[in-house]
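Q: I am attaching a structure below and will ask some questions about it afterwards.
Read-outs throughout are calculated quantities, based only on the coordinates presented, and are distinct from any laboratory measurement. A quick note: this is a predicted structure, and the numbers were derived from the prediction, not measured. Heads up, the Cβs are rebuilt from the backbone with ideal geometry, glycines too, and the neighbour counts pull from every protein chain shown.
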There are 2 protein chains.
Amino acid sequence: MSLLVVGSTAFDTVETPHGTAKQCLGGSSTYFGLAARLFTDVQLVSVVGEDFPDAHRRTFTDAGIDLAGLETKPGKTFAWHGRYSADMNSRETVDVQLNTFGDFKPKVPASYRETPFVFLANGAPATQASVLDQMAAPRFAVADTMDLWIEHNREELLALLPRLDGLILNDEEVKMLTGKSNLIQAGRAALKIGPKLVIVKKGEHGCFLFSTFFHYALPAYPTEHVVDPTGAGDSFAGGFMGYLAGSASISVWNLKRAVAYGTVAASLTVEGFGVDRIAAAERTTIERRYHELQQFVASS
Amino acid sequence: MSLLVVGSTAFDTVETPHGTAKQCLGGSSTYFGLAARLFTDVQLVSVVGEDFPDAHRRTFTDAGIDLAGLETKPGKTFAWHGRYSADMNSRETVDVQLNTFGDFKPKVPASYRETPFVFLANGAPATQASVLDQMAAPRFAVADTMDLWIEHNREELLALLPRLDGLILNDEEVKMLTGKSNLIQAGRAALKIGPKLVIVKKGEHGCFLFSTFFHYALPAYPTEHVVDPTGAGDSFAGGFMGYLAGSASISVWNLKRAVAYGTVAASLTVEGFGVDRIAAAERTTIERRYHELQQFVASS
């Protein structure tokens, strides 16, 4: 089934201990889409400026991603510049130029309104809600969020959560959202706020999935060479949502498999600068890593 | 089969956000022994002062732990005082009085020399080596270590490691030992130094097991109420070694099960102050949590 992602498209400049990549293609919808397209048809709603090059457009279209929802507006494309610490476990934002993304008002094309799987990448909760308002009746809608919205747009976020099937966020964010310092308590508390499914990303420590009737923990794929962690979270979400959209049903087992495919997608993204690795990935690589990950965690 | 543990016995004073416990029974061999006795016969080599009360001795003997190797020396018992941060992810040592443990020279009773399973709890590598010198031919010898020895007694530690079957240490320690900031790289590098098996403990994030022919990752048991993290690592080691010693063979599958039993033992210890919870634990509780943990991580 088709999968719609709504989020940012950006020019990223990234400094890591392995080097610097300048003005490369980035953004939440980009990483998400390039991971999800390995599993299903992807539709993208985002915005870029007039400086967005055809070469970047081709990265999407070559990957089979539908760009009917990619708006081009006067001005420049969203630009982000980040710098990672020596161990790459923390990063600072050196510069952000929101540009055309600053007043992003997602317009869902008529042809996307019946799309059953929807991912709302990190954005203001009111903006995320405006996407749901434009959709007919999504079968499975999931959102990402971040500390900024949890702190400053809490009411809007709390109004959005019960409209979602799932929420994906990281360990610090779920603690901030729920006020619980224990992650298991925090995951359970987040479930009570509304979504039927909460996925807590823990970076190199893997992730937890919380739902009403089962919980699941999966370690990260054992990556030895992290080159650039940018986009890991969005690639995870793309693999997760992509696998589900491409599956016959949203069962316990498919949800667990989807978490593993998300984990694998993230493992590829971090092994190269920007989208290089995930854009070049083929399904055979994904499947090999999926089986390696299953062996890594197999208890028998 | 029998299991020998050599390590500290102590009076612990612990401050956590949940309260303070004063002068309670602690020490590495204590937590290890009280976890391991759930699975097999445990022999203890340690030292205490004349102030060590009979009530504490009974905690061991009631648990079936053999105290033939518990030496009583003139003076006081090792005393430790620690304080945990609000989220219990870090702790400071308020006071340490080594007392009789200061010049601990482990003496293995003649009746223990043929014991097949040996655990060398955290201690100076030369002291740990002196235990191996006293043993006939252990079938499976494993040691713990810490930052102090890695930094200041590195040569002795590097001489000890090839004599071991396994090394158990935490994430920061394995990074320090190997100079690798990536945990997978660090685990592989530690294997090359000598032990056939390296277990890296990551606290609430679970653990990794590295060996020549397989790697394994297991999340922590989903504990919601951490009261006192003291002794979690030694309880893990006790559950791990205890299960192996009680098993028919040291196979891949038994090693994985042993890691899960260690994880469960640690989850019990942290739910109470000091040894309260692990000393009171019964095998039925262990088995129930073992199955809960297996469900938590089951991919199908």
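Q: Shortest first and in nm with one decimal, please list how far the B:Leu148 label point sits from its counterparts in the other copies (point 7 Å along Cα→Cβ).
A: 4.7
Q: May I ask which residue of chain B has the beta-carbon nearest to the axis carrying chain B onto chain A, and at what distance in whole Å?
A: Value returned for chain B: B:His205, 2.
Q: Which distances in nm, rounded to one decimal and ordered from shortest, link the label point of A:Ile193 to the equivalent label points in the other identical copies, with labels set 7 Å from Cα toward Cβ?
A: 4.2
Q: Would you be so kind as to identify all helices of chain A, as entire DSSP H runs, whose Cα atoms reach 20 Å or more along the helix's own axis and whose mean Kyte-Doolittle hydropathy is at least 0.0? Present the calculation step by step, with values, prior to reporting the outcome.
A: Values: long enough: A:232-246 (21 Å, 0.61); A:252-269 (26 Å, 0.59); A:283-297 (21 Å, -1.21).
Correct list, ordered by number: A:232-246, A:252-269.
Q: Between the stretch A:45-76 and the stretch B:1-74, what's the alpha-carbon centroid distance in Å?
A: 66
Q: Out of the DSSP beta bridges found with both residues in chain B, what percent are antiparallel (nearest 5)? Intermediate results must be reported in sequence, preceding the final value.
A: Details: 21 of 52 bridges.
Looking only at bridges with both residues in chain B, the antiparallel portion is about 40 percent.
Q: Return one quarter of the surface area of the convex hull spanned by the alpha-carbon atoms of the protein assembly as shown, equal to its mean projected area, in nm².
A: Values: hull surface 105.7 nm².
So the mean shadow area of the Cα hull is 26.4 nm².
Q: Something else: Could you give the nm distance between label points at A:Arg91 and A:Thr20, where each point is 7 Å from its Cα heading toward the beta carbon?
A: Each label point lies 7 Å from its Cα, and together they span 1.6 nm.
Q: Work out the length of the dipole vector of the stretch A:1-138 about its Cα centre, built from +1 on the beta-carbon of each Lys and Arg and -1 on the beta-carbon of each Asp and Glu, and round it to the nearest 20 debye.
A: Working: 11 positive and 15 negative charges, 17 e Å.
Dipole of the stretch A:1-138, to the nearest 20 debye: 80 debye.
Q: Another question about this same structure. May I ask for the net charge around A:Ser211, where only other residues with Cβ less than 14 Å from the Cβ of A:Ser211 are counted and Lys, Arg are +1 while Asp, Glu are -1? Mind dumping the intermediate values first?
A: Numbers: positive: A:Arg188, A:Lys192, A:Lys196, A:Lys256; negative: A:Asp165.
With Lys, Arg at +1 and Asp, Glu at -1, the net is +3.
Q: Another one. Tell me the distances, shortest first, between A:Ala110 and the same position across the other copies, using label points 7 Å along Cα→Cβ, in nm to one decimal.
A: For A:Ala110, the inter-copy label distances come out at 9.8 nm.
Q: Hey, another quick one. Excluding A:Glu271 itself, calculate the net charge of residues whose Cβ lies under 12 Å from the Cβ of A:Glu271, where each Lys or Arg counts +1 and each Asp or Glu counts -1. Intermediate values should be presented prior to the final figure.
A: Working: positive: A:Arg277, A:Arg289; negative: A:Glu224, A:Asp228, A:Asp276.
Net of charged neighbours comes to -1.
Q: Separate question: Could you give the dipole magnitude of the stretch B:3-297 about its Cα centre, charging the beta-carbon of Lys and Arg +1 and that of Asp and Glu -1, in debye to the nearest 20?
A: Values: 27 positive and 33 negative charges, 175 e Å.
Charge dipole, the stretch B:3-297, about its Cα centre: 840 debye, nearest 20.
Q: What shape does the stretch B:219-300 take by its C-alpha gyration tensor, where a ≥ b ≥ c are the square roots of the eigenvalues and a/c under 1.5 counts as rounded, a/b above b/c as prolate, and the rest as oblate? Show your work: numbers first, answer last.
A: Numbers: a/c = 1.97, a/b = 1.34, b/c = 1.47.
Because a/c hits 1.5 or more and a/b fails to exceed b/c, the stretch B:219-300 counts as oblate.
Q: Right, next: What number comes out for the charge environment of B:Tyr243, summing +1 per Lys or Arg and -1 per Asp or Glu over other residues with Cβ under 14 Å away?
A: So the surrounding residues net to +3.
Q: What distance in nm separates the simple spin-label points at A:Ser249 and B:Asp54, each placed 7 Å from Cα in the Cβ direction?
A: Spacing of the two 7 Å Cα→Cβ label points: 6.6 nm.
Q: If you average 1/r over all unlike Cα pairs in chain B and invert the result, what Kirkwood radius do you get in angstrom?
A: On the way: mean 1/r = 0.0527 Å⁻¹.
After inverting the mean inverse Cα-Cα distance, the result is 19.0 Å.
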